[in-house]
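Notes to accompany the following structure.
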């Protein structure tokens with residue numbers, strides 16, 4: 001392998017330049033320093049005072065222009081990562097595919113990325129990836145690893161190799177540094193390619209991104225098919241921004257998705273887990289679900305879920321999933337904790353229900369059968385989206401507890417209140433009851449039990465609710481939702 005064309009072996013800096021930007025002066029935009037994180041300002045000014053260019057870039061500039069509060073602030077500069085580390089004692093270098101600097105201020109991390117070389121000529125002029133076009137694997141501000149690395153950690157011993165692609169054009173490693181004029185073409189959407197210059201408080205716009213932000217339009221930079229082939233995750237990012245921002249996908253950006261969504265199968269499962277959390281656990285999960293369905297991306301992300309939804313459209317399980325995501329969005333808005341275990345229990349409820357209902361009805365209530373069904377569905381799902389073991393165990397416990405919740409047994413019910421997974425299992429029971437997959441009387445009884453005093457709890461345990469009737473809703477599988485009643489042995493006199 002050799003260094004990428006147009007770079008110097010010593011630094012990996014590109015020698016190619018592109019068109020000049022439209023510079024929007026401070027008087028013509030609404031971004032103010034008073035809206036910025038004080039720590040981001042510290043980073044920007046220290047880089048500037050050291051003689052480097054320093055820009056806020058990406059989603060934070062976009063969000064400020066539409067009146068949203070950014071969740072983080074990313075910085076782009078012509079300083080190399082090692083030079084950034086020399087300026088900040090509280091800095092660590094992270095990432096293997098893309099070398100980034102993280103400047104840490106307590107719980108806030110300011111990500112500093114060095115300008116990278118252009119991967120694309122002006123929009124519309126790119127060849128397809130299989131014809132040899134170089135490209136990135138993610139937005140220039142995105143990192144695939146949170147661990148600190150040294151050069152020795154990178155498998156290749158030839159450190160003049162700065163860009164490595166696989167045979168399909170997806171970037172495996174890329175540290176080809178360039179200028180701000182080139183860096184813009186590495187970014188994904190025009191709305192994310194605006195640069196706020198701390199030197200004079202202007203915004204640099206190379207791609208008419210400001211106009212797209214005003215029009216609330218999401219448009220890929222360059223040829224959409226090329227960009228999706230470079231990094232198929234961009235299809236999920238498009239869906240996420242469509243859901244999060246309420247932007248409309250430009251027709252040319254939306255058109256290739258149906259043809260190229262199968263490329264998601266080549267993405268590492270751990271990366272798709274991260275993307276799944278961004279889609280569903282950041283406050284816009286319900287809308288993300290709607291967009292993924294409309295774009296046909298649910299089948300690409302989680303095939304078993306996609307197949308179930310196509311087989312039972314608009315039914316009880318889909319309503320359960322939508323309501324669960326709505327509740328999760330509300331928790332995020334209120335800054336309450338959310339967990340991937342509950343998210344994946346919602347997403348995989350339908351496939352797990354099918355797996356349980358494939359068993360003889362007398363086994364539906366058995367914990368071993370339910371756990372086996374969970375494991376089989378999880379194994380298939382994890383071929384596409386990795387789920388860490390601690391979250392998979394949480395999901396299994398939630399499903400295994402459903403029969404015990406549906407058929408409380410006297411004072412033994414009080415022991416369930418002490419189970420670590422009780423609250424999550426109870427929340428799942430409430431959702432199921434709300435769509436007809438469990439007894440509303442049983443769900444209400446558990447609600448009263450948790451709110452009651454110890455004396456009242458004793459009385460409630462003596463007056464148990466009627467068990468679920470075992471029926472499915474809308475003719476769809478109920479799975480663990482309606483276990484058969486367990487016959488109790490008579491005590492010998």
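Rule-based calculations on the coordinates, nothing more; no lab input. Please read these numbers as outputs of a predicted model, since none were measured by experiment. FYI the Cβ positions are ideal-geometry reconstructions off the backbone, even for glycines, and counts take in every protein chain you see.
Figures for the structure shown
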| item | result |
| --- | --- |
| Rough spin-label spacing in nm, given labels placed 7 Å along Cα→Cβ, for residue 214 and residue 33 | 2.6 nm |
| Inter-label distance for residue 311 and residue 459, nm, one decimal - labels placed 7 Å from Cα along Cα-to-Cβ | 4.7 nm |
| Theoretical gain in end-to-end length, residue 22 to residue 415 [0.36 nm per residue, Cα-Cα removed] | 134.8 nm |
| Stretchable slack from residue 104 to residue 323, in nm (0.36 nm times residue separation minus alpha-carbon distance) | 75.1 nm |
| Residues 304, 32, 288 arranged by fewest to most Cβ contacts within 10 Å | 32, 304, 288 |
| Three-way shape call for the stretch 357-400 based on the alpha-carbon gyration tensor, with the a/c threshold at 1.5 | oblate |
| Rounded Å value of the spacing that divides the Cα centres of the stretch 423-459 and the stretch 181-234 | 49 Å |
| Centroid-to-centroid separation of the stretch 53-72 and the stretch 236-251 [C-alpha atoms, Å] | 17 Å |
| Packing rank of 226-235, 273-282, where each peptide gets the mean count of other beta carbons within 10 Å, highest leading | 226-235, 273-282 |
| Alpha-carbon centroids, the stretch 280-329 and the stretch 370-412: separation in whole Å | 19 Å |
| Prolate/oblate/rounded call for the stretch 247-311, Cα gyration tensor, a/c under 1.5 rounded | rounded |
| Cα gyration tensor shape of the stretch 312-429, rounded if a/c is under 1.5, else prolate or oblate by comparing a/b with b/c | rounded |
